[in-house]
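First the structure, in the form of structure tokens, and then the observations on it.
The values are calculated or read from the model by the stated rules, or taken from the named source; none is laboratory data. Predicted model only: the values in this text are computed from it and were never measured. Note that we place each Cβ from the backbone using ideal geometry, even for glycine, and neighbour counts take in every protein chain shown. Note: areas computed on protein heavy atoms with side chains; ligands, DNA, RNA excluded. Shrake-Rupley method; radii C 1.70, N 1.55, O 1.52, S 1.80 Å.
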Amino acid sequence: MEQCREYLEENPAGKRGAWRTEGRKLFLELGCGKGSFTCALSEQHQDAEIIAIEKVPDAMILAMEKAKARNLKNVRFLDFDASGLREILAPSEADRIYINFCDPWPKSRDAKFRLTAPSFLRIYADLLPDGGEVRFKTDNLPLFLWSKEQFENEGWMLKNVSTDLHAEGIRGILTDYEKRFLQQGIPIRSLTAVKGSSTLGGSAGEPPRLRNAALSDARLC
């Protein structure tokens, strides 16, 4: 951790509203794991600042080591909970949010912890401008279908919806999980949700309570 501390942002609240210089974009990755996707994203988008959040310290250290080995200058890592994102990012400060292979929390009582639950979607809506995007990928079909429904209910516009993203060849940057799933023949589910004038944010009040939200109940049609 000490050897990579230059990549760790220890006071993220102090950066609120000042994460990027003028003219640069800001991308946020929730759950960066060991950082393969993060580093490739950083290299591909030199015109953007990348914030990578990870709650598992050992994984984050590996991610920071990768960034240091590649001498990346536009990525910072945070040990932070996504529920507090409004504390560290100003309204409309981010341009894009990536959610890759998040924990599905399959039981109904735990649905509120899913990163695609309405309470999180309203946080993302506050952080993005109109036209800002959430890009979501998962191997879990019930989670994908449930998440798609939540985005639609919360007023997001959906595009690039796919239940087999790589059916006709590899598309985009792969995560470590994604490479493993593809080797096992597991399809990747993906969508892009775009914030619009009808998208619900924090000003809409409390999000709906989640009932009967077990992933085993997700509609598979």
Problem set entry | Failed criterion for Ala94 (all others in (1) more than 16 Å from the chain's Cα centre (by Cα); (2) outside any helix (DSSP H, G or I) hold) | (1)
Exercise. If you go through region 180-196 one residue at a time, do you hit one that is open to solvent by 50 Å² or more (accessible area, probe 1.4 Å) and under 17 Å from the mean Cα position of the chain (by Cα)?
Worked result: no
For this session: Tell me, yes or no, whether region 140-150 has at least one residue that is buried (at least 16 other Cβ atoms within 10 Å of the Cβ), among the aromatic types (Phe, Trp, Tyr) and at pLDDT 95 or above.
Result: yes
Seminar exercise, completed: Scanning region 200-214 for residues that are more than 22 Å from the chain's Cα centre (by Cα) and open to solvent by less than 40 Å² (accessible area, probe 1.4 Å) gives Gly205
For this session: State the number of residues belonging to region 72-82 that are modelled with pLDDT under 95 and open to solvent by 70 Å² or more (accessible area, probe 1.4 Å).
Result: 2
Exercise. If we keep just the residues of region 18-52 that are of a type in the set (Asp, Glu) and in contact with a strand residue (DSSP E or B) (Cβ under 6 Å, 6 or more places away or on another chain), which is surrounded by the most Cβ atoms within 10 Å (Cβ to Cβ)?
Worked result: Glu29
For this session: Among the numbered conditions (1) farther than 22 Å from Ser198 by Cα; (2) more than 17 Å from the chain's Cα centre (by Cα), tell me where Arg114 comes up short.
Result: (2)
Seminar exercise, completed: With criteria (1) closer than 26 Å to Trp156 by Cβ; (2) at pLDDT below 95; (3) touching a strand residue (DSSP E or B) at 6+ places or on another chain (Cβ under 8 Å), Lys55 comes up short on (3)
For this session: Among residues belonging to region 2-17 that are within 19 Å of the chain's Cα centre (by Cα) and charged (D, E, K, R), point out the one that is least open to solvent (accessible area, probe 1.4 Å).
Result: Glu9
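Have a look at Pro91, Pro106, Pro118 and point out the one that is open to solvent by 50 Å² or more (accessible area, probe 1.4 Å), touching a helix residue (DSSP H, G or I) at 6+ places or on another chain (Cβ under 7 Å) and over 30 Å from Thr21 (Cα atoms).
Within the list Pro91, Pro106, Pro118, the selection yields Pro106.
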